[in-house]
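To keep things clear, I will list the structure first and then write my remarks on it.
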Amino acid sequence: MPVPAPGTPLRLRSCDFPAGRPLVMAIVNRTPDSFYPGARQYADDVAHLAVATAVEQGADIVDVGGVRAGPGERVGTDEELRRVIPFLERVRAEHPGLPLSIDTWRSQVARRACEIGIDLINDVWGGHDPRLVQVAAESGAGLVCSHAGGARPRTLPQRVAYGTHPEAVLEEVLGSLTAAARRAVAAGVDPRSVVVDPAPDFGKNTWHGLTLLRNVRALAGLGHPLLIALSRKDLIGETLGLGVEDRLEGTLAATAVAAWCGAGVFRTHDVAATRRVLDMVAALRGEMPPSAVLRGLA
């Protein structure tokens, strides 16, 4: 079986990540109501320990968010700022070389985070606030261009349709991500710092998500690093009939397939397990040597 082409190199300010080295993006949620209880890092001490643990376990990027993605209590801009900005200031001071990402759809929050020197804006709601692109361009931060199918922030999909044939969602996502990446580059974002994300579960049902995962090679061929964010999502749970606490194996199986097919960045709640899976896939692809080869040689 031929090995698919490697992913695309990524630059985040002064950090250059080569193609063929899958990256782990650790999730740190400054929220009390995240859908996965294991990721509720609202308390300062819990959140700072989560960052330190993620770094120790091999995270390449830490993604910090202050608002639950799904429906829940209303969190205004001021409250989101309160949850994430002082925290990011301390993390930047304690981990000066660690690439940091802010998970927000609000340009006001992204701008304050960029003043601290964060490296990446993770816009999971697909350009709902069009000013985010300019914030990234002016600050020199990277930008995640996501596909949410036009859904409004914190809403659940309702009978979403993307045409009359099974591959229509792929055509829609490829076209949308291509256009979003071009807009970001035209606005002044370094093309090496533009990441694309098909965003399973966002404005999509489980059939849509499975179709996109079967077509990772096409998504990885867009010319920008491909982010896969499916950690413990409903896509995994509905496919296997499992609750959020039991979705790790399904997440890792999909992670391995996506990594083999050229995806480059993996957003996860489970850093150590994801790091091991990605390293094993990289070895199978011939992009990383074994840590030791002793069997049969002694």
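Descriptive notes on the structure:
- Of the residues making up region 210-225, those that are part of a helix (DSSP H, G or I) and of a type outside the set (A, V, I, L, M, F, W, C) are 211, 214, 217.
- Looking at 131, 154, just one residue is more than 17 Å from residue 224 (Cα to Cα) and out of contact with any helix residue (DSSP H, G or I) (no Cβ under 9 Å at 6 or more places or on another chain), and that residue is 154.
- So residue 260, is it of a type in the set (Phe, Trp, Tyr), at pLDDT 95 or above and surrounded by fewer than 17 Cβ atoms within 10 Å (Cβ to Cβ): no
- Residue 282 being in contact (Cβ under 8 Å) with a residue 12 or more places away in the chain and either touching a helix residue (DSSP H, G or I) at 6+ places or on another chain (Cβ under 6 Å) or not small (Gly, Ala, Ser) (or both): no
- Checked against (1) within 22 Å of residue 30 (Cα to Cα); (2) surrounded by fewer than 21 Cβ atoms within 10 Å (Cβ to Cβ); (3) in contact with a strand residue (DSSP E or B) (Cβ under 7 Å, 6 or more places away or on another chain), residue 86 passes all but condition (3).
- Scanning region 235-283 for residues that are acidic (Asp, Glu) and under 16 Å from the mean Cα position of the chain (by Cα) turns up just one, 270.
- Scan of region 13-39 for residues that are among the charged types (D, E, K, R), closer than 19 Å to residue 122 by Cα and either part of a loop (DSSP other than H, G, I, E, B) or touching a His at 6+ places or on another chain (Cβ under 6 Å) (or both), ordered by number: 13, 30
- Those residues of region 163-185 which are charged (D, E, K, R) and either within 17 Å of residue 126 (Cβ to Cβ) or without any contact (Cβ under 8 Å) to a residue 24 or more places away in the chain (or both), in sequence order: 171, 172, 182, 183
- Residues (in contact with an Asp or Glu (Cβ under 9 Å, 6 or more places away or on another chain) and part of a strand (DSSP E or B)) located in region 260-290: 265, 267
- Options 110, 26, 59, 5: the member that is at pLDDT 95 or above, more than 24 Å from residue 156 (Cα to Cα) and among the small types (Gly, Ala, Ser): 59
- Residues of region 226-242 that are more than 30 Å from residue 193 (Cα to Cα) and either touching a Pro at 6+ places or on another chain (Cβ under 8 Å) or in a loop (DSSP other than H, G, I, E, B) (or both): 241, 242.
- Filtering region 243-259 for residues that are of a type in the set (A, V, I, L, M, F, W, C) and not in a helix (DSSP H, G or I) leaves an empty set.
- Condition check for residue 65: within 24 Å of residue 55 (Cβ to Cβ), surrounded by fewer than 17 Cβ atoms within 10 Å (Cβ to Cβ) and at pLDDT 95 or above: no
The values are calculated or read from the model by the stated rules, or taken from the named source; none is laboratory data. A quick note: this is a predicted structure, and the numbers were derived from the prediction, not measured. No Cβ is skipped: glycine too gets one built from the backbone with ideal geometry, and neighbour counts run over all protein chains shown.
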